[in-house]
Amino acid sequence: MTGRAIACVAAACLFVAGNMAQAQSAAYSFADPVNGFSSTQGNDGVQFRLTADIRVTALGYYDRNQNGLSQSHPVGIYSVSSQSLLASATVGAGSSLVGLFRYESITPLDLSAGESYRLVGFHPGTGVGGDLYQIIPVGSVTIASPIVHEGNYNNLDSMLSYPTNGPAMTNIFFGPNFLYVPEPSTGLLTLLAAIALAARRRM
C-alpha cells in the first residue's frame, strides 16, 4: 500500500469514527402529552438489556414544557447483576435541553451487549411549583434499537438509590433518560491498527 493510499484510508476511518462519536442519540423519546403528573418523593428506574455495546455520554431528566426544571434530580445507571452505581449526575435548571429532557454530561461510560442495567432518576416530590413527571405506555415510547425494555421499578427513598419494586411492564415513568453513541466497531479498530502498522513499516 502506498503512503498516499494509507493516508487516504486512515483519514476515511478517522472521519467515520469522528461522526460516530458526535452522533449522540437519546435512549427514549416520545411525543409530549398535554398533561403531566405530580410526583411523590422517590426513584423511578427503567431496566434495559443491550444488544450492542454503547457509550453513555450524558444523563438526563424530563422537563415538562421544556421551560426549565425547578428542582434538582440525581440520575444514575446501575448494573443489575451487582446493583452497583456505575455513573451519576445531577440534572437541574441550568442543564442542557435536548428534546424533552435536560442533560448533564458524564465521563463516558461503556455498557456491554448482553448485560442488563437500570436507569434511575430521583424526584424530591412535586409539592407547590415542583417538576411534573410523565407516564407513557411502552408502545408509545420510541426505544433506541440497541435497547430491550425489561420493565419499570420504583421506591420511595429520600435520595438516589437502586429501586426494587417491580417490574411494571405496561408504562414507563419519565423521569430519567440518557444520551449515547455506538462504540467503535472491532473491525474499524482493527483496520486502524493495520494502517498504523503499515505506516510504521514504511518508515
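Points worth noting:
- Summing charges over neighbours of ILE135, with a neighbour being any other residue whose Cβ is under 13 Å away from its Cβ, gives -1 when K and R count +1 and D and E count -1.
- Dipole in debye (nearest 20) - the range 25-182, about Cα centre, beta carbon charges: Lys, Arg +1; Asp, Glu -1: 60 debye
- Global form of the range 25-182, assessed from the alpha-carbon gyration tensor, a/c cut-off 1.5: rounded
- Net charge of Cβ neighbours under 12 Å - reference ASN154; Lys, Arg +1; Asp, Glu -1: -1
- Cut-off 12 Å between beta-carbons: net charge of the residues surrounding ILE172, Lys and Arg +1, Asp and Glu -1: -2
- Inter-site label distance for MET159 and ARG49 at 7 Å from Cα along Cβ, in nm: 3.3 nm
- Close amide H contacts of SER96 (hydrogens built in the peptide plane, cut-off under 5 Å, sequence separation of 5 or more or a different chain): TYR103.
Every number in this text was worked out from the coordinates using simple rules, so none of it is lab data. What you are looking at is a predicted structure, and each value in this text was computed from that prediction instead of being measured. Cβ coordinates were reconstructed from backbone atoms using ideal geometry, including for glycine residues, and neighbour counts include every protein chain displayed.
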